[in-house]
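The values are calculated or read from the model by the stated rules, or taken from the named source; none is laboratory data. Note that the coordinates shown come from a computational prediction; the quantities given were computed from them, not determined experimentally. No Cβ is skipped: glycine too gets one built from the backbone with ideal geometry, and neighbour counts run over all protein chains shown. With ligands, DNA and RNA removed, areas are computed over all heavy atoms of the protein, side chains included. Shrake-Rupley method; radii C 1.70, N 1.55, O 1.52, S 1.80 Å.
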Amino acid sequence: MASENIYILGIESSCDDTAASIINNGKVLSNVVANQKIHEEYGGVVPELASRAHQQNIVPVVHEALKKAGISKDQLHAIAFTRGPGLMGSLLVGTSFAKSLAFGLDIPLIEVNHMQGHILAHFIEEDGFNKPPFPFLAMTISGGHTQIVKVSGYFDMEVIGETIDDAVGEAYDKSGKILGLGYPAGPEIDKRAQLGNPKAFSFTKPKVGGLNFSFSGLKTAIMYFIQRETKNNPNFIAENLNDICASIQYTIIGILMDKLKLAVKETGIKHIAIGGGVSANSGIRKALKMGEQKFGWTTYIPKFEFTTDNAAMIAIVGYLKYLEGTFSESDVTASARLKI
Ligand code: KG4
Ligand code: ZN
C-alpha cells in the first residue's frame, strides 16, 4: 500500500448539510459543514431546496476543507462520499461531484453508507477519547434516524432495531411545532425540560415489539392533548411550557432507554456507542450515566461535531476502506434506501 501519510477527502450531502472533511491517517485536519438555513422557514427539510443548496455549496465547501487542512487536491489518496441512505436529489450532488473529482485526479473513489459513518465516527483519532471495543452496540439517534446496531467489526454490522415511522429527532421537532417552537426544536425542548416537572403530564409509550421504535403515535397524542387543554385554557401552552417539555422528554428518553436495556439484555453487550444530533440531549446523557452506574455499561459519545451529520465520519470510513483496499467502480450510483 502507498505511503504512510494517507489523505482522504470525505463528502457528505445526504440531507440538508453540505459537508467536506480531510482526514490524515485517521486524524481530522478539517471538518467543514454548510448548514442550510433555508429549511427553518418551512419547519422541516424541503428536498428540492436542499438539492439546489448542495449544488451551490459543494465547490466552496470542498475548497474550504482543503484550505483548512493545508493541502492541495493533488495530495489526496482517495475520495469518499455518502452513497446513501438519504434524499435522492441531495445524494446525487455529492455522488456526481465525488465521481468527477476522483476521475479527474485519477485516484480511488470510495462509497460510504451514511449510517456506518455515524457509527465509525467513534474511530476518529482524538486525544482523550476511548474507542469502543468490538462487539459494541451503536445507537444512532437524530432527525433522520433511530437505530440500534450490533457492531462486531468495522464492516460487520447488524441492525437489531430501528424506527418503523418517525425518527426520535423528528418526534422532538414535530412536538416543538405543535408547541409553536422554532425548527429544529430539540435543543429548546431539552433546555426547557431541565426547568420543568417530567411527571406533570403523562403520555403513553408506543407498544412496538422487540427492539423497534415508533414515535408517530406520541406526536399524535401530544397534538390531541394540546388541542384539548387549549380549548379549556387558551394560555395552556405558555403557562405550562417547561412542564410540557419535561414530560415529552421524559417519555422519549424512557422509550430510548427501554429499548437499549432490552438490546443489552438480548446481546449481553454492555459497550454502547451513541451517535446523531439527539446525543446532545441532557436527558439521554443523564440516563446513560445512570446505565453506567447501575448496570455496568460503558458508553461512548464522540465530540458533537462528529455526531451530527458531518463529512469527517465519511472520511474515516473512507480511510478504513482504503486500508482494506475496498474501492468503488466508476459507475456507482446514489442509493436513497441503502441498508447497512
Ligand atoms: O444529526 P443531526 O444534526 O441531523 C440529522 O437529523 O441527521 O440531528 C438533528 C436532530 C434534530 O431533530 C434536533 O431537534 C435534534 O437532533 N437535537 C436534539 C438536541 N440537539 C439536537 N434533540 C433533543 N435534544 C437536544 N439537545
Ligand atoms: Zn445522519
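Among the residues of the range 25-61 satisfying the criterion of being open to solvent by less than 30 Å² (accessible area, probe 1.4 Å) and under 17 Å from residue 314 (Cα atoms), which is modelled with the lowest pLDDT?
Looking at the filtered set, the residue picked out is 54.
Given the structure, is residue 239 open to solvent by 40 Å² or more (accessible area, probe 1.4 Å), more than 16 Å from ligand 1 (Cβ to nearest atom), among the charged types (D, E, K, R) and in contact (Cβ under 8 Å) with a residue 60 or more places away in the chain?
no
Among the listed residues 291, 283, 318, which satisfies the condition of being open to solvent by less than 40 Å² (accessible area, probe 1.4 Å) and within 16 Å of ligand 1 (Cβ to nearest atom)?
283 is the lone residue from the list that is open to solvent by less than 40 Å² (accessible area, probe 1.4 Å) and within 16 Å of ligand 1 (Cβ to nearest atom).
Can you work out which of the residues in the range 250-280 that are polar (S, T, N, Q) and surrounded by 19 or more Cβ atoms within 10 Å (Cβ to Cβ) is nearest to residue 152 (Cα to Cα)?
Once the filter is applied, the top-ranked residue is 279.
With respect to residue 225, determine if the residue is under 29 Å from residue 267 (Cβ atoms) and open to solvent by less than 50 Å² (accessible area, probe 1.4 Å).
Against the criterion (under 29 Å from residue 267 (Cβ atoms) and open to solvent by less than 50 Å² (accessible area, probe 1.4 Å)), residue 225 does not qualify.
Does residue 149 count as under 17 Å from the mean Cα position of the chain (by Cα) and under 22 Å from residue 316 (Cβ atoms)?
It is true that residue 149 is under 17 Å from the mean Cα position of the chain (by Cα) and under 22 Å from residue 316 (Cβ atoms).
Looking at the structure I just gave you, is residue 339 on the phi < 0 side of the Ramachandran plot and either buried (at least 20 other Cβ atoms within 10 Å of the Cβ) or outside any loop (DSSP other than H, G, I, E, B) (or both)?
When the stated conditions are applied, residue 339 does not pass them.
Looking at (1) over 30 Å from residue 216 (Cα atoms); (2) part of a helix (DSSP H, G or I); (3) within 16 Å of ligand 2 (Cβ to nearest atom), which is the one condition that is false for residue 96?
(3)
Out of all the residues in the range 157-184, which are in contact with a Phe, Trp or Tyr (Cβ under 9 Å, 6 or more places away or on another chain), more than 12 Å from ligand 1 (Cβ to nearest atom) and assigned to a loop (DSSP other than H, G, I, E, B)?
If the condition is that a residue be in contact with a Phe, Trp or Tyr (Cβ under 9 Å, 6 or more places away or on another chain), more than 12 Å from ligand 1 (Cβ to nearest atom) and assigned to a loop (DSSP other than H, G, I, E, B), then 164, 165 are the ones that fit.
Quick check on the range 1-13: of everything there that is among the small types (Gly, Ala, Ser) and at pLDDT 95 or above, which residue is farthest from ligand 1 (Cβ to nearest atom)?
Restricting to residues being among the small types (Gly, Ala, Ser) and at pLDDT 95 or above, the top hit is 10.
I'd like to verify a number: residues in the range 183-199 that are open to solvent by 50 Å² or more (accessible area, probe 1.4 Å) and in contact with an Asp or Glu (Cβ under 7 Å, 6 or more places away or on another chain), how many?
Result for the range 183-199: 3.
Going through the range 133-152 one residue at a time, which ones are under 14 Å from residue 278 (Cβ atoms) and among the β-branched types (Val, Ile, Thr)?
140, 141, 146, 148
Within the range 1-19, can you find the residues that are small (Gly, Ala, Ser), under 18 Å from residue 277 (Cα atoms) and either touching a Leu at 6+ places or on another chain (Cβ under 7 Å) or open to solvent by 50 Å² or more (accessible area, probe 1.4 Å) (or both)?
Result: 13, 14.
Pairs under 9 Å by beta carbon, first residue in a strand (DSSP E or B) in the range 27-42, partner among the basic types (Lys, Arg) and open to solvent by 30 Å² or more (accessible area, probe 1.4 Å), six or more apart or different chains?
29/68; 30/67; 30/68; 31/68; 32/68
Quick one: in the range 294-314, which of the residues that are touching a strand residue (DSSP E or B) at 6+ places or on another chain (Cβ under 6 Å), touching a residue at least 40 places away in the same chain (Cβ under 8 Å) and part of a loop (DSSP other than H, G, I, E, B) is most open to solvent (accessible area, probe 1.4 Å)?
309
Just one of (1) buried (at least 20 other Cβ atoms within 10 Å of the Cβ); (2) at positive phi; (3) among the small types (Gly, Ala, Ser) trips up residue 180, so point out which.
Against the list (1) buried (at least 20 other Cβ atoms within 10 Å of the Cβ); (2) at positive phi; (3) among the small types (Gly, Ala, Ser), residue 180 comes up short only on (1).
Right, residue 131: part of a loop (DSSP other than H, G, I, E, B) and among the charged types (D, E, K, R) or not?
In short, yes.
In the range 156-175, what count of residues is obtained for those that are more than 16 Å from ligand 2 (Cβ to nearest atom), under 19 Å from residue 113 (Cβ atoms) and touching a Lys or Arg at 6+ places or on another chain (Cβ under 8 Å)?
Total meeting the criteria: 3.
Can you list residue pairs whose Cβ atoms sit under 7 Å apart, with the first residue in the range 257-283 being at negative phi and the second being within 16 Å of ligand 2 (Cβ to nearest atom) and open to solvent by 30 Å² or more (accessible area, probe 1.4 Å)? Count only pairs 6 or more apart in sequence or on different chains.
What qualifies is 274/301; 277/143; 277/308; 279/301; 280/304.
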